[in-house]
1. Taking the Cα atoms of the chain, report the difference between the largest and smallest coordinate on each principal axis, in whole Å and largest first.
2. For the range 259-327, rounded, prolate or oblate, judged on the Cα gyration tensor with a ≥ b ≥ c (square roots of eigenvalues), a/c < 1.5 rounded, else prolate if a/b > b/c?
3. What 222 nm value per residue comes from the helices of the chain, counting each DSSP H run with n ≥ 4 as -39,500 (n - 2.57) and dividing by all residues, nearest 500 deg cm²/dmol?
4. Give me the Kirkwood hydrodynamic radius of the range 22-73, using the inverse of the mean 1/r over all pairs of distinct Cα atoms, in Å to one decimal.
5. Probe of 1.4 angstrom, ligands and nucleic acids ignored: what's the accessible area per residue over the chain, in square angstrom?
6. Connecting C-alpha atoms closer than 10 Å in a GNM of the chain, tell me which of TRP254, TRP186, TRP64 has the biggest fluctuation.
7. Relative contact order of the range 226-377, please, whole-number percent, based on alpha carbon pairs below 8 angstrom and at least 6 residues apart.
8. Just order 168-175, 329-336 by mean Cβ neighbour count inside 10 Å, highest at the front, would you?
Amino acid sequence: MSEPVAAGKRRSLFARLNLRERIRDRDQAVYGVLLLVALVFPWADYFVTGSTSDVSKAAHAGTWVLLAIGLNVVVGFAGLLDLGYAAFFAIGAYTYALFASAQLASSPLHHQYHIPFWIMIFVGMLVTASFGAILGFPTLRLRGDYLAIVTLGFGEIVPQLSFNLSQWTGGINAIGGIDQPWLPAWITGPWAGANNVAVIQNSTCRNPIAQTQFLPCFSFSLDPIAYYVLIVILIIGAVILVTNLYRSRLGRAWMAIREDEVAAAAMGINTVTTKLLAFAIGASFSGFAGAYYGASFDLVSPDDFLFVVSITVLVMIVLGGMGNIPGVIVGALVIYFVLYTLLPSLASNAESVASNFGLSNLTRQNGDWPGLYAEVQRLQFLIYGLILVLIMLLRPQGLFPSRIREQELKHAVSQEEGSAVEEGARV
C-alpha cells in the first residue's frame, strides 16, 4: 500500500506545480530554458574555456536585454514608436557616473559625491522616468511618423549635450574612475576559478553612513562573475515587474491605445496619463541599464549613446516578437550575438576556411583585391543587413511573437488577400 500512496503523492506534487501545463505553454518553456542556461552558463564556460571572458560578454548582453524590455513597454505594449531610447540610457549612465566619481569636483559645484551603487540605481531609475514623462508630454497629440521624429530629435539632443557640457560630463574625454558596487561579502567557488566554495572580502569600502570610515567588503572590481549575477537578478526583477504590468489594468489600457486610441478614449481610458506612464516606465528600465553600464565598464562616453543604439534596441524587439517579453529577450540575445560575436569573427573565420580548402590565394592582397580578411570586414554590415532581411522575410511576426500580435498579422494578411481577390474580380 505504501508504493501507490507514494506514487499518488508524487503525482499530486507534479500536478500541484503544473509542470505539464508550463512545458506546453511556449512562453513558460522559453523562460525555463533561459533561466536554466543563465544558471549553468558560468560553470560550463569556465570548465570548457578556463576563463570568464564569455561571462563578461554575457553580462554586457544583459544590458541590451534590459533596454529591450524597457522599450518593449513603449513600442510593444502601448504602440508608441520611440526612436530616441538611447537618450534615456545616456541619462541613466551619466546620473550614476556624476554621483559615483570625482567628475563633479571639476564642475561648477567643486564638490564630488560618492553615493553607493545600490542607491544610485534607483535614483537613475527615477531620473530617467522623469525625463520619460517630460518627453511624453509634448508628444501626446502625435502619432506614427510625427511621434518618431520628435523622439528621434530627443535622442540626438542628449548625446550632443553630453559632448558640449564638458564641465559636467567630461565631453569627449568621458567620465572615468567610476565607483564599483560593493557588498559586505561574496561567495566564490569553482565557477570563478577558486578551488573550493568560500566567503571572501577582497577590499575595504567607504562607509555610506560615515564617509571617512572604511569597512571590509567585497568590491566588484570589474569582476565578470559578480556583474553577471547582478544583471541576471536585474533582468529577473524586470521580467516580473513588466509581466505584472502587462496583466494589470494599465497593461490592458496600453493595448487598447495601441489598437485604437480614439476607441480607447471613448471607453473612458485616460489616454494622457496612460501614455505618459508608458514613456516613464519604459524609460525607467534604461535607468537601471545605464547605471549598470557605467559601473561595469568604469567609463561613460557620449559615443556610447548614439542613434544606432536606439535602432539596435528596436531591431531586437521586432526580431524577438513585439509585445512578447520572452521573445524580446531572445531577440536581444540573438542580435547581440550577431553584432558582437558573429560579425567580428567572420573575417578570420572566412580566411581560415579559405586556407583549409586550398584557396590561400584569396587571402593575399592582389591588385584591387584587398584580401579576403579585409574584404569580409568591409562587408560586415552588408551581411548584417542581409541577415535581418532574411529573418523578416521568413518570420515577419518575430521569433516568438505574442499571440495577439500573431493573430493581428494573420488577420491583416487575410484582409489583404481578400481585397486583392475582390480587385481581381472587378477587373
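1. 85, 82, 58
2. Because a/c hits 1.5 or more and a/b exceeds b/c, the range 259-327 counts as prolate.
3. Calculated mean residue ellipticity at 222 nm is -21500 deg cm²/dmol.
4. Over the range 22-73, the inverse of the mean reciprocal pair distance is 12.6 Å.
5. That works out to 53 Å² for each residue.
6. Comparing TRP254, TRP186, TRP64 in a Gaussian network model of the chain, the most mobile one is TRP186.
7. 11 percent
8. 329-336, 168-175
The values are calculated or read from the model by the stated rules, or taken from the named source; none is laboratory data. Nothing here was measured: the structure is a model prediction, and the numbers come from that model. All Cβ positions, glycine included, derive from the backbone under ideal geometry; neighbour counts span all protein chains shown. Heavy atoms of the whole protein, side chains included, go into the accessibility calculation; ligands, DNA and RNA do not. Shrake-Rupley method; radii C 1.70, N 1.55, O 1.52, S 1.80 Å.
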